[in-house]
1. Whether any residue in the stretch A:147-161 is away from chain B (no Cβ under 14 Å), hydrophobic (A, V, I, L, M, F, W, C) and under 20 Å from A:LEU37 (Cα atoms) is what I want to check.
2. Suppose we filter the stretch A:62-99 for residues that are of a type outside the set (A, V, I, L, M) and touching a residue at least 24 places away in the same chain (Cβ under 8 Å); how many remain?
3. Do we find a residue being polar (S, T, N, Q) and within 18 Å of the chain's Cα centre (by Cα) anywhere in the stretch B:98-120?
4. Considering only residues that are surrounded by fewer than 18 Cβ atoms within 10 Å (Cβ to Cβ), within 17 Å of B:VAL302 (Cβ to Cβ) and facing another protein chain (nearest Cβ under 8 Å), which ones fall in the stretch B:96-108?
5. Pick out, from the stretch A:186-281, the strands (runs of 3 or more DSSP E) lying fully within it that include 1 or more residues that are without any contact (Cβ under 8 Å) to a residue 60 or more places away in the chain and surrounded by 15 or more Cβ atoms within 10 Å (Cβ to Cβ).
6. Based on what the data block shows, is B:ASP106 charged (D, E, K, R), over 20 Å from A:GLU104 (Cβ atoms) and either outside any helix (DSSP H, G or I) or touching a residue at least 40 places away in the same chain (Cβ under 8 Å) (or both)?
7. Which residues, taken from the stretch A:85-97, are facing chain B (nearest Cβ under 9 Å) and closer than 14 Å to A:GLN151 by Cα?
8. Kindly evaluate B:LEU238 against the criterion of being modelled with pLDDT of 85 or more and surrounded by 16 or more Cβ atoms within 10 Å (Cβ to Cβ).
Amino acid sequence: MGQVVVETNNLTKTYDGFTAVDGLNLRIEEGEIFGFLGPNGAGKTTTILMLLGLTEPSSGTAQVCGHNPTREPLKVKRIVGYLPERVGFYEDLTARQNLRYTAELNNLPKEEVEQKITDLLATVGLSEVADQQVSTFSRGMKQRLGIADIQIKEPKLAFLDEPTTGIDPEGIDEIIKLIVSMAKRKVTVIFCSHQLHQVQKICTRVGILAKGHLVADGSIDRLGGKTTGGGRYRIEAEVAQASPELVTSIQRVNGVLAVEPSGNSLLISCDKDLRGQIAKAIVDSDSLLVGMKIEEYSLERIYKKYSREA
Amino acid sequence: MYAVFRKELADHLASRRFAILFMLVFLAAILAIYVAIQSIRSVVTPTTEFVFLKMFTTSGETLPSFPFFISLFIPIIGIALGFDTINTERASGNLSRLLSQPIYRDSVINGKFLAGLAVMSTMIVTVIAIVAGLGLRIIGVPPSSEETLRLIVFAIVTIVYGAFWMALAALFSVFFNRAATSMLASIALWIFFFFFMSMIAGAIANVQAPLGSSPTAEEMIRNYGIQGTLGRISPCTLYGEATTALLTPELGSLNAALMVLSTFTSGRMVTPLPFNQSLLLIWPQVVSLVALAAICFGVSYVKFMTEEIRSI
């Protein structure tokens, strides 16, 4: 159990009668990469803005590293990096000048700053364009500069709001790599994205927000298990007739977690690919196997399931 | 706040906008000197007291005087420095990044406004110094201490006037999301005050106190009184009156009605007002300008501070 970095208690935000975030209870521990998912307009950004102290909650409380963002916004902002969606920089300044300005706003000691900027620009692969105006940068370069920008202050916690939107696949990979490397340096990352495939790869835990409610919260394994009936895979076996005896005999197969008949099909949940063993069990019990499909749970499935339910 | 101020100042000084504005002002200064050299001999008589000030106020046959140039350019400079204070930051995606840094929110607007003010003050002081310096060299009459004081106050009043336009433009930049809208709104207001306000004041005065074919002094005083009062709604008029009183001490009063009266009475006072009396005379105008600037800045400050940062 790590230290709790973010904790919200019935956090609610209402804009002129419209509830953007409704009674949110979130708990994020140190060192996590938390995937914060949900359809557009579900209240993800509003939640982040409240955690940063940029927006006041209508009710409920939030704690970021033990500080209340509404009462002590500066303390929170000193240790939290925020990469907004569609981040912008001063276009007529160079990458280096932009980072220098951020360092100045954070009151960092001048002697260390230059070296740190050089290092960070190298990390995000912008060393060669460090002294070019940001107006010449592509979307992906700006996002990478944004990732450098939030690391200047060496945050404990980073909010990344859709850092991969509108970027080509290679650019996305680079950004994902940077996020992972940031997490390795003990930065807790809260990461909003619609790139579910990428989220699944790197996030230790996800929370799905829909219409202001947290509809799912947990590790991908746990949530995925729920969509497939407990295991990592779901095998759908179509048989001539799904008799109760057949169900029992499949249940006896080593590794099968659950079997659920549905019409002429059996939905089998398991942690390994047991198609061979299951086929054998079906044939051994004198039933006819018509077809078999295997599905691994994916975040996409989880996401669709929960956002539809909401 | 210091970091914001420094960055904005550096931005201004390096910007094309600044270069263009400075050229404009520089041109005005050169023109003013040119006008002064051309016609100063005809206006200065051996009894003229404030020769040095005359250099600032003399207008040629076709070219207007230095205060006129300044009153024309200062609003433009103020608007140009203020119209995109906040909305460009927002549109470019810089605002939320900026506000997530550990600075107070008002540092952003204060720093930006002060940087604009510093740039404008530099411009104004520079241009007055250029005119004064060149003038000194050309006409060879050094300014008296009173003239120097008057010029300093003139510079201060001009800065306040510019600050008003900058605050107004900043106000629009907080309210309108697009920089083009806020600029147009500021310019529209300036055109209204600069060109139309006096016409409207005149029209209302003519309705309220019509002038016959041969108006009596009483009628004229009433008419001009109404016109003067209404005209003072416009900050342009306020500034115009303040500078006139400062730079032409011979003018005894700003009251249009009184001035009319003095043309009727043959013994018009030609004794120039002492400095402190001139100050007293322009005090209401200056206070109004300061108040207008403070109101504009105050409203934009409050709006910016209380505004919710929203995800759009």
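1. Going residue by residue through the stretch A:147-161, those that are away from chain B (no Cβ under 14 Å) are none.
No: zero hits.
2. First, pick out the residues of the stretch A:62-99 that are of a type outside the set (A, V, I, L, M): A:63, A:65-73, A:75, A:77-78, A:81-82, A:84-86, A:88-92, A:94, A:96-98.
If we keep only those that are touching a residue at least 24 places away in the same chain (Cβ under 8 Å) too, we end up with A:63, A:65, A:77-78, A:81-82, A:84-86, A:88-92, A:94, A:96, A:98.
Number satisfying all stated conditions: 17.
3. Initially, the stretch B:98-120 is screened for residues polar (S, T, N, Q), giving B:100-101, B:107, B:110.
This time we only want the ones that are within 18 Å of the chain's Cα centre (by Cα), so: none.
No: the stretch B:98-120 contains no residue that is polar (S, T, N, Q) and within 18 Å of the chain's Cα centre (by Cα).
4. B:TYR104, the sole residue that qualifies.
5. Working: elements: A:188-192, A:205-210, A:213-218, A:233-239, A:256-262, A:265-270.
Output list reads A:213-218, A:233-239, A:256-262, A:265-270.
6. On the way: charged (D, E, K, R): yes; over 20 Å from A:GLU104 (Cβ atoms): no; either outside any helix (DSSP H, G or I) or touching a residue at least 40 places away in the same chain (Cβ under 8 Å) (or both): yes.
It is false that B:ASP106 is charged (D, E, K, R), over 20 Å from A:GLU104 (Cβ atoms) and either outside any helix (DSSP H, G or I) or touching a residue at least 40 places away in the same chain (Cβ under 8 Å) (or both).
7. none
8. Working: modelled with pLDDT of 85 or more: yes; surrounded by 16 or more Cβ atoms within 10 Å (Cβ to Cβ): yes.
In short, yes.
The values are calculated or read from the model by the stated rules, or taken from the named source; none is laboratory data. Only a predicted model underlies this, so the values are computations on that prediction, with no experimental measurement involved. Every residue, glycine as well, gets a Cβ built from its backbone with ideal geometry; the counts of neighbours run over all protein chains shown.
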